Amino acid sequence: MARSARPDPSTEIRSDLSSGELRPVYLLFGPEAYLQRQAYDALWKAALGAGPRGFNDQVFQGEKASGDAIASAAAHLPMMAARRVIAVRNVGKLKKEDCERLAEYCANPSPTTVLLLLGADGASKPVDGRTKLAKAIRAQGRWCEFKKLYGRNLRSWIEQESQRLGKRLDPSGPGYLEALLGNDLAQIANGLRHASLYVGDEPEIRLGDLEEVISGR
């Protein structure tokens, strides 16, 4: 039997953001650091909402943090807000005993906290898929591996970025950007932002606009 395709993590996260029903745990990692940062920023903003900053958010570093400290912070109730957000950077550097404590929390997470576990930029899997922590993340949250985009997937992402900017993109635009910038999403997104500003109120970014803005013609 053929293995079913894994869901696209960006699509899953957009679905959570659209519904307002955020999962209590997200593991964000993979070689495509730009998509990971996009997801992190969107989840952080949505989790905090209009609540006061500084009271309901905390960031830990995996190489320094303890599992008890992370679990304790995540278990606190939010202050004058619907949720708290806790981030753990470089989660792959947590010690084994701290991962086990974090697994206990993730198996029964607080419904008023969004816990963001982050791999190092561009790094591979930070959590062993056979561990209790991995199983708890998959059961209660989202396991989000952001892979490099190529071909059709890359061109689809480029079209979505232009739509997010409120612009239609010339049908030849995605291929032009791919040929010029490869699959560097940060460079492509920056180029599209500049092109959007260049065309102003015009609804479409044409190929000539891209040439003018990006390759300086």
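Quick check on my filter: what residues within segment 105-163 are part of a loop (DSSP other than H, G, I, E, B) and farther than 30 Å from ALA81 by Cβ?
So the first thing to find is which residues in segment 105-163 are part of a loop (DSSP other than H, G, I, E, B), and the list is 108-112, 119-131, 141, 146-150.
Result: GLY122, ALA123, SER124, LYS125, ASP128, GLY129, ARG130, THR131, LYS147, LYS148, LEU149, TYR150.
Specify the residue that is least open to solvent (accessible area, probe 1.4 Å); the eligible residues are those in segment 167-217 that are over 15 Å from ARG155 (Cα atoms) and of a type in the set (Asp, Glu).
Among those residues, the one meeting the criterion is ASP209.
Return the total of residues in segment 109-132 being open to solvent by 50 Å² or more (accessible area, probe 1.4 Å) and touching a strand residue (DSSP E or B) at 6+ places or on another chain (Cβ under 7 Å).
Qualifying residue count, segment 109-132: 1.
Go through segment 194-212 residue by residue and tally those that are more than 27 Å from the chain's Cα centre (by Cα) and small (Gly, Ala, Ser).
So the answer is 2.
The values are calculated or read from the model by the stated rules, or taken from the named source; none is laboratory data. Remember, it's a predicted structure, so these values are computed and weren't measured experimentally. Here the Cβ is made from the backbone with ideal geometry for all residues, glycine too, and neighbour counts use every protein chain on show. Keep in mind that these areas ignore ligands, DNA and RNA; they rest on the heavy atoms of the full protein, side chains included. Shrake-Rupley method; radii C 1.70, N 1.55, O 1.52, S 1.80 Å.
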